[in-house]
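Okay, so here's the structure we're looking at.
What follows draws every value from the coordinates through simple rules; no lab data is involved. Because the structure is a prediction, the values reported are computed rather than measured. Every residue, glycine among them, receives a Cβ derived from its backbone with ideal geometry; neighbour counts consider all protein chains shown.
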Amino acid sequence: MTSSAPQTFYLKDYTPFGFDVESVELTFKLAPTATRVLSRIRFIPQENAASSDFFLHGEELELISAAIDGTPVQVEEVDGGLNCAVPSTPFLWEAEVEINPKGNTALEGLYMSNGMYCTQCEAEGFRKITYYPDRPDVMSTFKVRIEGPEKVLLSNGNPTASGEGWAEWHDPWPKPAYLFALVAGDLINHPDHFTTKSGKDVDLNIWVRPGDEGKCAFGMEALKKSMTWDEEVYGREYDLDIFNIVAVDDFNMGAMENKGLNVFNSSCVLASPETSTDANFERIEAIIAHEYFHNWTGNRITCRDWFQLCLKEGLTVYRDAQFTADMRSEPVKRIEDVIALRARQFPEDQGPLSHPPRPEEFQEINNFYTATVYEKGAEVIGMLKRLVGDADYYKALDLYFDRHDGQACTIEDWLSVFEDATGRDMAQFKRWYSQAGTPKLKVSDNFDAGTYTLTFEQSTAPTPGQDIKDPRVIPIAVGLLNDKGDEIQPTRVLEMTQATQSFAFDGLAAKPVPSILREFSAPVILERDTTNTERTFLFAHDTDPFNRWEAGNALAKETRLAMITAGEAPDSAYLDALIKLVRDDTLDPAFRALVLQAPGQSDLAQTLHARGQVPDPQKIYDASETFTQTLAQALSDSLPRLYAATTVDGPYSPDAEGAGKRALNARILSLLTRLDAGEQAQRQFETADNMTLQYAALACLLKADKGADASASFFDQWQEDRLVMDKWFALQISCAEPEAAARIAKELTTHPLFTLKNPNRFRAVMGALSGHHAGFHQISGAGYTLLADNLIALDALNPQTTARMCAAFQSWPRYDTARQELIKGELQRIATTKGLSRDTNEMVTRILN
Ligand code: ARG
Ligand code: ZN
């Protein structure tokens, strides 16, 4: 059963399964290398269903027995599953299989992590547990019995009975198999309660390994806040008696929304002030919310097929971003999200892996859990909301929940809800789901007789498999300022539908200064012939916080680009404006920290490439260093005062206000370190009582090449803490000089605490390497080779994480021929590895073509 040519699946080929599943009963007899799974599944053939349509998925299963209505049956085991002759009337399928959780290093299906059993079934992992129609449009209730010596035995739904060595669970809500979960281990819980708005009491638990019980309180608070928020904002209540969260050390992704039993990468739930940074806290709060929100957007309403993945992911990311904005700061969250979108989604959209938020074909669906599906998927929801307005958005959402509860849906269903709730035609808007690529939006303006006219021209470059792009609907939020910086036109959303389109503003006394694409109202690349003078004006005056930051960001980029391409000195007007803003204590420290954050070096490379130049990673690095050094000197008089002002009184709390001050602390300290040989950083390192301050100080010291002692003492202090050790591994590389990054990374792969078996540790090292732009792209090719060596080694164990990390190579077309050849050589070396997984094969093939 070897298939050499990989199979491709197409959206256009969708056909429903010919059988309904009325109920599923599973019994697990747990044993590390020989777990038995007994299934009793009631199938109801639909009208016209042929016996030959009966196909059950199954992979890496040893079939012990199979019976229909109590009579043993012969099955035909084929690649990826089995066929069997079945009756045309309802029947009971019973099977027993044996699986090996301990040998499962792919971390998909049922596997073991540090002695505990856990599952990951999305997208197609359930087929590694038993034979089943493993597709999201087949929904059923589940009863699960678990037998094993472990103290804690968990599955989906409500607990129904338990005794010594066994437990039973019943999930009354029909669900697809990808939401199935089982956990067993000697775990400890952090319990709490929640009363829903209709008065229903829900038990809440966070389950962890002994030793981690002190790191659950924050996650629990985040969960309760999420539950309240979803009731208040979307009217969504929780629907079971219990909600369990489990922390797992070995996990391919962030977390998983299994019904009533969310499984989390421990890095995305465990938190304490001593071991977690503010950024960790914010991310944990967001991911807890994300998985909880899936209970409605994902579980109660799921996807018809995996092409519709953004139906649940885009919407749920959008919802968790709304939540974070409400819990913290709306502009800060928006700026952070746009930075992340440009860093992760734009390169994907503008490179060989470009695909629409709703892809139309795949070989391995796990390769499509991408920034495009998730983050661009969320941007699309944001545009929809901007176009129809808040009231109609929530009206449409109410209709969505009302109409589709209990169903497996499509993007068409989603857009119909908006059409029916608002009376709008969504046909053109739908192109955001079907077209890949980031649109470019060129702007020109004209002022004549009191009328100011903005003319926009949209275009999208061809992407793999998609040469022709049609104009999209683009919401462009615009405000106008006069020359004193007063807002003379409050934000207005222009609705662009044509390839080229003009919008006029009348009755103006003089030519205004436009603030365009406020709040980043659409995921596009704005191109405008403008001057640094105008950018500096907006940087000082824009009333839209996002665009104020954006003006500073554009200046930060332009000054570096001019340094790189024309050998210019750092732009003094920008430096003056930046210093003025940073010294302005009336401004939010978090905002000032964001303004001080240097533009990503990969982003600068992408911009140079887009302007027809070949980026030199070392020159980009040098320009960034020079700029920061110049800034440190120019700001030197103020640095001690600014540093002192970032002190937060009282015990550590991960709230937005304290976090903002500490974010500014990290920026100011890194400037100070350039002038005081690391004295202040050393003091901060020694006195810090929380990880945020300790980590920032260690980063500064390592960057200044003064971190050897601090790094050793950090290691001693934290070597027993897996999550802190991930930070330690990553920092050694990300703070290194470009020439040293690959060498240090290579040394770290021989460290006793490095392992291919833990995705967090692998990502800590290889992610830090590929994220060090100038280090990864050293012309020696050492970074490329090291990554490829490790991807080849990991692929034999864990295809999913390997395939994702191949994306580090996606930007090869930007660089010079020497680097291109080096990267392509490594990709070819991966591609020709014997026994390469389907996951990784698909990724390298797409990147090379
Ligand atoms: N649905 C999960 C989430 O977004 C992610 C699961 C991804 N799993 C995978 N095998 N790709 O919360
Ligand atoms: Zn999700």
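Short-range pairs are left out: with C-alpha atoms under 8 Å and at least six residues apart, the relative contact order of the chain is 8 percent.
Here, the range 244-287 yields an orientationally averaged convex hull projection of 3.1 nm² when only Cα atoms define the hull. Placing +1 on each Lys and Arg Cβ and -1 on each Asp and Glu Cβ, with no other charges, gives the range 110-228 a dipole about its Cα centre of roughly 280 debye. Each listed q (0.16, 0.22, 0.25 Å⁻¹) maps to a log10 I(q)/I(0) for the range 10-96 from the Debye sum over equal C-alpha point scatterers, namely -0.69, -1.19, -1.42. How big is the shadow of the Cα convex hull of the range 538-595, averaged over all directions, in nm²? Result: a mean projected hull area of 3.8 nm². Across the range 208-259, the volume of the C-alpha convex hull divided among the residues equals 103 Å³ per residue. The value obtained for the range 649-735, namely the Cα convex hull volume divided by the number of residues, is 97 Å³ per residue. Of VAL233, VAL524, VAL380, the sequence from fewest to most neighbouring Cβ atoms within 10 angstrom is VAL233, VAL524, VAL380. For the range 695-772, the C-alpha radius of gyration sits at 1.00 times the compact-globule guess of 2.2 N^0.38 Å, with N the residue count. For the chain, the Cβ-based charge dipole about the Cα centre amounts to some 1440 debye (Lys, Arg positive; Asp, Glu negative; other atoms uncharged). Using the Cβ-Cβ distance between PHE715 and ILE792 with R0 = 41 Å, the FRET efficiency computed as 1/(1 + (r/R0)^6) comes to roughly 0.90. In this rough spin-label picture, where each label sits 7 Å from Cα along the Cβ direction, the LEU399-TYR14 distance is 1.9 nm. Model label sites at GLU568 and SER198, defined 7 Å from Cα along the beta-carbon direction, differ in position by 6.3 nm. Extents of the range 80-145, taken as max minus min of Cα coordinates on every principal axis and listed largest first, are 46, 25, 22 Å.
Taking every Cα-Cα distance in the range 373-456 and sorting them into 10 Å bins from zero, the calculated P(r) comes out as 14, 39, 27, 14, 5, 1 percent. Report the one residue of LEU702, SER155, ALA167 whose Cα lies farthest in the direction of the positive end of the charge dipole of the chain (charges on C-beta: Lys and Arg +1, Asp and Glu -1; origin at the Cα centre). Most positive-ward Cα: LEU702. Overall size of the range 538-635 from C-alpha positions, given as principal axis extents largest first: 41, 28, 20 Å. Can you give the net charge of the other residues whose Cβ lies under 9 Å from the Cβ of THR316, counting K and R as +1 and D and E as -1? The answer is -2. Scalar couplings 3J(HN,Hα) for the range 157-167, obtained by applying the Karplus form with A = 6.51, B = -1.76, C = 1.60 to θ = phi - 60°, are x, 9, x, 10, 6, 7, x, 5, x, 7, 8 Hz; x denotes Gly and Pro. FRET efficiency for the ALA504 to ASP585 pair, using the beta carbon distance and R₀ = 25 Å, is estimated at 0.05.
Applied to the range 817-828, the Karplus parametrisation 6.51 cos²θ - 1.76 cosθ + 1.60 on θ = phi - 60° returns per-residue 3J(HN,Hα) values of 4, 4, 5, 4, 5, 4, 5, 4, x, 5, 4, 5 Hz, with x for Gly and Pro.
Note on SER444 and SER653: with the Förster distance fixed at 56 Å, the Cβ-Cβ geometry gives a FRET efficiency of about 0.70.
Here is the size of the chain from its Cα atoms: Rg then Dmax, 27.4, 88 Å.
Diffusion coefficient (Stokes-Einstein, Kirkwood radius over C-alpha pairs, 20 °C, 1.002 mPa s) for the range 361-414: 165 µm²/s, rounded to a whole number. Normalised by 2.2 N^0.38 Å, with N the number of residues, the alpha-carbon radius of gyration of the range 139-189 equals 1.13.
The orientation-averaged projection of the convex hull spanning the C-alpha atoms of the range 143-278 amounts to 9.0 square nanometres. At q = 0.12, 0.13, 0.15 Å⁻¹, what is the log10 ratio I(q)/I(0) for the range 671-824, with the Debye formula run over Cα points and no solvent? With one equal scatterer per Cα and no solvent, log10 I(q)/I(0) is -0.54, -0.63, -0.81. Counting DSSP beta bridges with both partners in the chain, what percentage is antiparallel, nearest 5? Counting DSSP beta bridges with both partners in the chain, the antiparallel share is about 80 percent.
Only DSSP H runs of four or more residues enter the estimate; each adds -39500 (n - 2.57), and after division by the residues of the chain the mean residue ellipticity at 222 nm equals -12500 deg cm²/dmol.
Phi-derived couplings, Karplus 6.51 cos²θ - 1.76 cosθ + 1.60 at θ = phi - 60°, listed residue by residue for the range 782-798: 4, x, 4, 5, 4, 4, 4, 3, 6, 5, 4, 5, 6, 4, 5, 9, 9 Hz, with x used for Gly and Pro. Binning the alpha carbon pair distances of the range 414-526 at 10 angstrom intervals from zero yields the distribution 13, 39, 30, 15, 3, expressed in whole percent.
For the range 63-106, the residue among ILE64, GLY81, GLY103 whose Cα projects farthest onto the positive side of the dipole built from Cβ charges is GLY103.
Roughly speaking, what % of Cα-Cα pairs in the range 282-426 are separated by over 26 Å, rounded to a whole number? Result for the distance tail: 23 percent.
Annotation: extensible slack from ALA50 through GLU76 equals 7.8 nm (criterion: 0.36 nm per residue apart, minus Cα-Cα distance).
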